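A short worksheet on the structure shown next.
None of the figures in this text is laboratory data; all of them are computed from the coordinates on show. In this text, all values refer to a predicted model and were calculated from it rather than measured experimentally. So basically every Cβ, Gly included, is an ideal-geometry build from the backbone, and we count neighbours across all protein chains shown.
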Amino acid sequence: MTFKLSQLHTALAVALLAGSSVFAANVPAGTELAAKQELVYNASANPATLDPQKMEGSVEGEYARQLFEGLVTSDEQGHILPGVAKSWDHSADFKTWTFHLRDNAKWSNGDPVTAHDFVYSWQRLVDPKTAAPYSTYLKYLTLQNAGDITEGKKALDTLGVKALDDHTLQLTLDASIPYADKLVEHYVLFPVHKATIEKFGDQWTKAENIVGNGAFKLDRLIVNEKSELSPNPNYWDAANTVLTKVTLLPIESSTTDVNRYRAGEIDVTGKEIPPEMFSKLKQDLPNELHVSPILCTYVYEINTKKAPFDDVRVRQALSLALDRNIITDKVIAQGQVPAYHFTPPYINGGEKLTNPEWAAWPQAKRNEEAIKLLAEAGFTKQKPLDFNILYNTSENHKKIAIAASSIWKQNLGGAVNAKMENQEWKTYLDSRHNGAYDVARAGWCSDYNEATSFLNYFLSDSSNNTAFYKNPEYDAAVKHAQLADTEEQRQQDYAKAETFFSNDVPSVPVYHYVQPRLIKPYVKGYASAHPGQNYYLKDVYLIKQ
């Protein structure tokens, strides 16, 4: 199947075919633009890195999608659109995919973007020397030899990605993956500029060195203050980028974020709205407060390789005793839905997911069972379980952790004492990867709209698996789903894997997210409802007030 322009939304297709000057931002005819096209946007933290192959968080993704561009992008509903690749096709069995690159795609220094750049970048992702947090991502695509290369068993040049010529990239998969074009949108698969990396080494992402291929380029980054971006004149569709400047702020305090928004200093707020402000904002700014369901789940991740959390009874007790409704309805109260499994049920492939039986029990019955399990594991009111809840800097995370600690203490009859442990973003990520925690606040957002984007997280060999969960039966169910002949079978396998997750509790699911955000009424083209939170600021423009 070849991706053709006829599959684009009509307005975009017409604009592209006509050579319109409004493709990227897709400004409707007759729109009066603001004279000043400068956007101030809160990214919610300092990025841990600007190197796509070393990224793993949503903050870093915000930067990556502006400074780089992958084979594909997506619209505000999450539908896949051409990026560096203008079209693509696949074999009948979905095991061979061929992407045809634009001949006018360029790096910010004017060099052409070629298929060889993608080969280099993808090999770099799986290279053990890179130590990429997402090193196993290409295994989910089942790209040939990806797993063996990350384990040091095969050479980089055996990876199933090949440049047939400068503008043709071929992927060879080990399994039939009909949604492969969704997977390649992920930022870890964005191309990087080989010559720049070879010249500057680890310093290549500094503002004065970095070379990208996205719609914007980095002018400067001042840690804890701001980053400034300007249009990349060498971007293939630069003529249709409307914004002339983007300022990304690293404000972690959602209260500060909202106050600065209301003072007119910010155009788009970050990822959180303080619960105590939400109702008032809904009343005062109904047309500026946007709330959309997204493919994300909030959890308390458990360090399963650390005693006593290696005892499944302890983990089950924590899950049973957590009254999620208190957190969703009273602590946050913005439309979040209590979660009893990791994968959101509204994702592709989630149709057969069911809650564990105990989710329908009254909370009193759950508590009784939880206290019994803890006692069997050796913990009582006289000998309580003491542990720390690790969370990254955020008012909401702190409030939820305080609530969870109180709920656990009360519902478990004083048999647990949970203390708070706060770390800034980069240190928090390192602590989780190093296993230097007991229980950690965590969130996972879909890398693509398919249940495997969640289920792959807990595979025994996943580089994302900071719970260190290992269950061969879980692995087998996920692997079987990859090889399933029918969608029906795939959905059954997904549900089977989630059952193992519910029984083993490597993490306690808390809720499925919504994304509340304040957006000034003059900001248009921002994909606030994107289910995967893939926000491309090249699509944004400001109208005259």
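Return the pair list, or none, for Cβ contacts closer than 9 Å from residues in the stretch 340-356 that are within 14 Å of residue 455 (Cα to Cα) to residues that are of a type in the set (Asp, Glu) and assigned to a loop (DSSP other than H, G, I, E, B), at least 6 apart or on different chains.
345/351; 347/450; 348/450; 349/450
If the Cβ limit is 6 Å and pairs must be 6+ apart or interchain, which residue in the stretch 426-451 that is under 19 Å from residue 314 (Cα atoms) pairs with which residue that is in a helix (DSSP H, G or I)?
Every condition considered, the pairs that remain are 437/431; 440/432; 441/397.
Conditions tested, residue by residue: (1) in contact with a Gly (Cβ under 9 Å, 6 or more places away or on another chain); (2) hydroxyl-bearing (Ser, Thr, Tyr); (3) more than 18 Å from residue 53 (Cα to Cα).
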residue: 147; (1), (2), (3): no, no, no
residue: 167; (1), (2), (3): no, no, yes
residue: 187; (1), (2), (3): yes, yes, no
residue: 191; (1), (2), (3): yes, no, no
residue: 195; (1), (2), (3): no, no, no
residue: 205; (1), (2), (3): no, yes, no
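Among the candidates 266, 222, 251, single out the residue that is closer than 23 Å to residue 54 by Cα and either in contact (Cβ under 8 Å) with a residue 60 or more places away in the chain or among the aromatic types (Phe, Trp, Tyr) (or both).
Values: 266 fails: closer than 23 Å to residue 54 by Cα; 222 fails: either in contact (Cβ under 8 Å) with a residue 60 or more places away in the chain or among the aromatic types (Phe, Trp, Tyr) (or both).
Just a single option satisfies the conditions, and that option is 251.
Residues of the stretch 234-284 being under 20 Å from residue 63 (Cα atoms), over 26 Å from the mean Cα position of the chain (by Cα) and among the hydroxyl-bearing types (Ser, Thr, Tyr), which ones?
Listed by number, the list holds a single entry, 244.
What tally of residues in the stretch 204-224 results from selecting those that are exposed (fewer than 12 other Cβ atoms within 10 Å of the Cβ) and either part of a loop (DSSP other than H, G, I, E, B) or not β-branched (Val, Ile, Thr) (or both)? Before the answer, list the steps.
We begin by selecting, within the stretch 204-224, every residue exposed (fewer than 12 other Cβ atoms within 10 Å of the Cβ); these are 208, 222-224.
If we keep only those that are either part of a loop (DSSP other than H, G, I, E, B) or not β-branched (Val, Ile, Thr) (or both) too, we end up with 208, 223-224.
Total satisfying the criteria: 3.
Per-residue answers, yes or no, for (1) closer than 26 Å to residue 532 by Cα; (2) outside any loop (DSSP other than H, G, I, E, B):
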| site | (1), (2) |
| --- | --- |
| 279 | yes, yes |
| 304 | no, no |
| 335 | yes, no |
| 344 | yes, no |
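Looking at 166, 157, which is the one that is surrounded by fewer than 19 Cβ atoms within 10 Å (Cβ to Cβ) and either closer than 14 Å to residue 69 by Cα or free of Cβ contacts under 8 Å to residues at least 60 places away in the same chain (or both)?
157
Quick check on the stretch 380-399. Is at least one of its residues assigned to a helix (DSSP H, G or I) and crowded, with 24+ Cβ neighbours inside 10 Å? Write out each step before concluding.
Looking only at the stretch 380-399, we keep the residues that are assigned to a helix (DSSP H, G or I), and these are 395-399.
Those still in the list that are crowded, with 24+ Cβ neighbours inside 10 Å too: none.
Checked the stretch 380-399: no residue is assigned to a helix (DSSP H, G or I) and crowded, with 24+ Cβ neighbours inside 10 Å.
For the subset of the stretch 284-329 comprising residues that are without any contact (Cβ under 8 Å) to a residue 60 or more places away in the chain and out of contact with any Ser or Thr (no Cβ under 7 Å at 6 or more places or on another chain), which member is farthest from residue 77 (Cα to Cα)? Don't jump to the end; show me each part of the working.
Applying the first criterion (without any contact (Cβ under 8 Å) to a residue 60 or more places away in the chain) to the stretch 284-329 yields 284, 286, 307, 310, 320, 325, 329.
Now drop any that are not out of contact with any Ser or Thr (no Cβ under 7 Å at 6 or more places or on another chain), which leaves 284, 286, 307, 320, 325, 329.
Details: 284: 27, 286: 22, 307: 44, 320: 35, 325: 29, 329: 27 Å.
The qualifying residue farthest from residue 77 (Cα to Cα) is 307.
Residue-by-condition table, conditions (1) in contact with a His (Cβ under 6 Å, 6 or more places away or on another chain); (2) closer than 30 Å to residue 269 by Cα; (3) buried (at least 22 other Cβ atoms within 10 Å of the Cβ); (4) among the hydrophobic types (A, V, I, L, M, F, W, C):
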position: 443; (1), (2), (3), (4): no, yes, no, no
position: 470; (1), (2), (3), (4): no, no, no, no
position: 475; (1), (2), (3), (4): no, no, no, no
position: 501; (1), (2), (3), (4): no, no, yes, yes
position: 508; (1), (2), (3), (4): no, yes, yes, yes
position: 536; (1), (2), (3), (4): no, yes, yes, no
position: 540; (1), (2), (3), (4): no, yes, yes, yes
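Report, by residue number, each residue of the stretch 354-371 that is over 26 Å from residue 397 (Cβ atoms) and assigned to a loop (DSSP other than H, G, I, E, B).
354, 361, 362
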